[in-house]
Every structure is written in C-alpha cells, then in structure tokens.
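Reviewing the structure listed below.
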Number of protein chains: 2
Amino acid sequence: MAESTPLRVGIALFPGFQALDAFGPLDCLNVLSTTHPLTLSVLSSTLDPVTSKTSMTSPHAIGQQIVPTHTFATAPPLDVLLVPGGVGTRESSPAVLDTIAFIQKTYPSLKYLITVCTGSGLAALAGVLDGRKATSNKMVFHEMKALRPQVDWVPRARWVTDGNIWTASGVTAGIDLTLAWVAEVYGKDRATAIANEIEHTPHSDASHDPFADLYGL
Amino acid sequence: MAESTPLRVGIALFPGFQALDAFGPLDCLNVLSTTHPLTLSVLSSTLDPVTSKTSMTSPHAIGQQIVPTHTFATAPPLDVLLVPGGVGTRESSPAVLDTIAFIQKTYPSLKYLITVCTGSGLAALAGVLDGRKATSNKMVFHEMKALRPQVDWVPRARWVTDGNIWTASGVTAGIDLTLAWVAEVYGKDRATAIANEIEHTPHSDASHDPFADLYGL
C-alpha cells in the first residue's frame, strides 16, 4: 500500500456500543497511524457525544462519551468501516438504524468492512453478510443466527474473513482481528511491532476459540 | 464489599493518553457496573473533550476524543483512581501536571490507585511510589527508572501490587490487572464472568512477562 495515500477509516458509534469493541481496534490503528497515514472519521447520527452506556443494562451502569467527527449524512468517502457491537445493537435507537443503513449504502465502495462482537449482527441486518461466512460474540451466538439465517455463521472462530469482510468474535477478539488485518494489509512486521508496543501476545490462529466450547457451540 | 455502596472510580485523562490503557480497564468496569454499583468520574483539567492524539508522534497520528465529567478541581471524593499512560505522559501539558498534582493530593484518601503503562511514571513523579514496588511499559522501562529511582521498579511483571497500589505493564496488561483487581475486590467468579463476557483469556500470573525478555530487561 502506497505510504502517501492515507487509508480512510470510519467507525460507526451508537448508544450502548461496547467500549473495548471500538477501542481495541482503534488503539491498534492509533499506533499504526504513527508510521502509516490514516484518516479516522467517528460517525454517528448527530455530532453529540455518544455514550457506551445503555439503558438496557442495570440502572447503575457506567459508560464513557466519545465525540463524533461526522454524522452518517456528512461522512466522507471511506476505505474501511469498523462496526463495534454491544448491548446497544439490540436497541432500535436512531443511531443503530442509521448504522445499518450506512453499512448497506457504503459497503459497495469499501475496501474492507470490519465488525467486532455483535457488530456483525448489524452488518447481517444490512444484508451484506448474506451467503458469507461470519462470526460474532459467542455468548449471544444463537441470537445472531436467528437475526439473519441467510448468513453462514461460523460458531468456532476468533475471527472470520470472507472476501473483504472481517468479523471478530466477542470484544477482545477485535484486537486479534485488527493485528491480523494489519499483517495482511501492511505486512507481518508492522503487525508484530504494534503487538509488541501494546504488549499483547495475539492469537494468530483465527480458529482459536475457547469461548465456543464455553458457550456449548 | 456491600452491594449497596457504590465504589467511586475516577480516571485521569490528558492529551496523548493511550486509548487502550484507559478503555481496557474501563470496559471491564463497565461490565462490572451491570451487577455491582460503581460511579465513574472522567477527570481532566477542563471539561473540553480530551484527545488520545499527541503532537509528539507523527503529524498523521489519529486519535479519539473523550468527554470529561469533572475537572480535577471539581472532582468528587474517589475510592479508586485510574491513571493511563501514553506518549502524552512525556509532555508537560497542563493536564499531565494536574494529573501528577491530583495523584499526590488524593492518594491519601484512596482505597486503590491503579496505573497502566507509563501512568506509573506520573504516580512516581507524584512521589507516591517511593520505596514501593511498581512496574511500567517495558519498551520505555529505563526511562521510567530514570524518572524516579526512589521507586523499586520491577522489570519482569505483567502487573505489580504493593499495598493499595496496582501498576500494570504496557497497554493490554491493564486488562489483566483489572481482572485480577476485580477478583480480589469482588471475588474470582465475578472476574471470570467478565473475562468470559469480553472473550479474554487473562494472564492470571502477575509475573508472566514475555516483553521483559523482548526488551532485554
């Protein structure tokens, strides 16, 4: 990939997104951006800060607020779209519905679509996973299957690639997926350097999945 | 710990904090808060959003913006203070200087001080690590030692506890530290449940440290 052409990355956020689904991959990209030009657009329905807190969990639940850079309506052209999961994917908030519509609209022009955890459920609802292999969070895997049976859901995987779509299992699997994606796009050395910088020993085998056993899949 | 007494957690943010240093531990606490009452204060020098981007790295560097809930001056009483690291710790930004002063001021009333990565450098500069065992990021370990030789810096550790101070090695070590801390404070079962929910296989041995070898420590 030409060093002079920034890869244009976007992330879709909605209330109740899982913070680490977003910030595992984003922090790998933050480190990547110190050597390879990237642009990042943080997208949501409005420019108001987006909370990782959801009304569906306990009333005590805490969360953090992230500032979008663009709305879905004002998003620049993107090469990569990152879609986190979280309890919020199960609410029909305007931002969740907008995320599904945005995936549907932008997928044809993306170089890569990357989802983490139940983010693949939103990609499934957008129809872009039909007939494709994909994975998701293992604790709610049956829920994902029921959401869109047209998807070839893979129960045992840390992450799955099918064409230009990369789907990770739950939460921290997004870090391993992102390092594998960096290895493919920017080379193994760059991925290893990022892993060493964040002191992470990645699962480099995409089929490694103790959580498939744990949840009886 | 009584279920009815919320543990009051604060996190100190400054420009150029490492996003995953903050969001690894925070996401564990987000999940914990669905079963155990917690309050979270996101602290910085002003209420303006705090960026994880730093001017010290490449001009291309990307980052994300987090909204504080309080300034250091308006922070409520805290039981736990979490201090991330990042390239920003090496800049003398007002928020970094305020973080050091805040650690110094609040440490005597804290139940726990938790640092990730070079966040321990800020705790060291605050003087609260003098004569204590602590660890830090392994890539810049010698820099940390030089910052405050009065600290008993431990070169080989995923994390270190000394009294009520918990210090993690680089970035993702913060996740393992936080799960170990949850196990101590809320019990092993709750820590395991969180690890399973975020699909993380934690390093439960605090002395596990392949990065000490990698960086020749």
**Prompt:** Near B:K133, which aspartates and glutamates are there with a Cα under 13 Å away, not counting those fewer than 8 places off in the same chain?
**Reply:** B:D152, B:D162
**Asked** Along the range B:57-70, what does the Karplus equation 6.51 cos²θ - 1.76 cosθ + 1.60 (θ = phi - 60°) give for ³J(HN,Hα), rounded to whole Hz, x for Gly and Pro?
**Response** 8, 4, x, 7, 3, 9, x, 10, 10, 10, 8, x, 9, 8
**Item:** Alpha-carbon spread of the range B:95-166, three principal axes, descending order, Å
**Value:** 29, 24, 19
**Asked** Given Cα pairs under 8 Å that are at least 6 residues apart, what percent is the relative contact order of the range B:131-217?
**Response** 31 percent
**Complete:** Summing -39500 (n - 2.57) over every DSSP H run of at least 4 in chain B, dividing by its residue total and rounding to the nearest 500, the 222 nm mean residue ellipticity is -9500 deg cm²/dmol
**Message:** Could you sort the peptides B:192-199, A:119-126 by per-residue average Cβ neighbour count (10 Å cutoff), highest mean leading?
**Reply:** A:119-126, B:192-199
**Asked** What ranking, highest mean first, results for peptides A:75-81, B:8-14 when packing means the other Cβ atoms within 10 Å averaged over each residue?
**Response** B:8-14, A:75-81
**Fill in**
Whole-percent carbon and sulfur contribution to the accessible surface of the range A:8-215 (1.4 Å, no ligands, DNA or RNA) stands at 55 percent
**Message:** If you count only protein heavy atoms with a 1.4 Å probe, what accessible area per residue comes out for the range B:8-215, rounded to a whole Å²?
**Reply:** 34 Å²
**Asked** Alpha carbon centre of the range A:146-217 versus the range B:166-217: separation in Å?
**Response** 20 Å
**Prompt:** Just counting partner chain Cβ atoms within 10 Å, what average do the residues of peptide A:52-58 show around their Cβ?
**Reply:** 3
**Request:** Over the whole of A:31-41, what's the average partner chain Cβ count within 10 Å per residue? Rounded to a whole number, please.
**Result:** 4
**Prompt:** Hey, quick one: spin label on B:T5, modelled 7 Å out along Cα-Cβ, who in the range B:27-42 has an amide N within reach, i.e. under 15 Å?
**Reply:** B:37-39
**Asked** What average count of beta carbons from other chains do you get within 10 Å of the Cβ of residues in A:63-69?
**Response** 6
**Prompt:** Any idea what log10 I(q)/I(0) is at q = 0.10, 0.12, 0.13, 0.15 Å⁻¹ for chain B, Debye with uniform C-alpha scatterers and no solvent?
**Reply:** -0.39, -0.57, -0.68, -0.92
**Prompt:** Tell me, what HN-Hα J-couplings in whole Hz come from the Karplus equation 6.51 cos²θ - 1.76 cosθ + 1.60 at θ = phi - 60° for each residue of the range B:47-56, using x for Gly and Pro?
**Reply:** 8, 5, x, 9, 9, 7, 6, 10, 7, 7
**Rg to Rh quotient for the range B:46-121, alpha carbon positions, Kirkwood Rh** = 0.97
**Asked** Given the range B:8-215, what percent of its DSSP beta bridges are antiparallel, to the nearest 5?
**Response** 25 percent
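The values are calculated or read from the model by the stated rules, or taken from the named source; none is laboratory data. In this text the structure is predicted, and so the values were computed from the model without any measurement. As a convention, Cβ positions derive from the backbone with ideal geometry for all residues, glycine included, and neighbour counts pool all protein chains shown. Note: accessible area is taken over every heavy atom of the protein model, side chains too, but ligands, DNA and RNA are not part of it. Shrake-Rupley method; radii C 1.70, N 1.55, O 1.52, S 1.80 Å.
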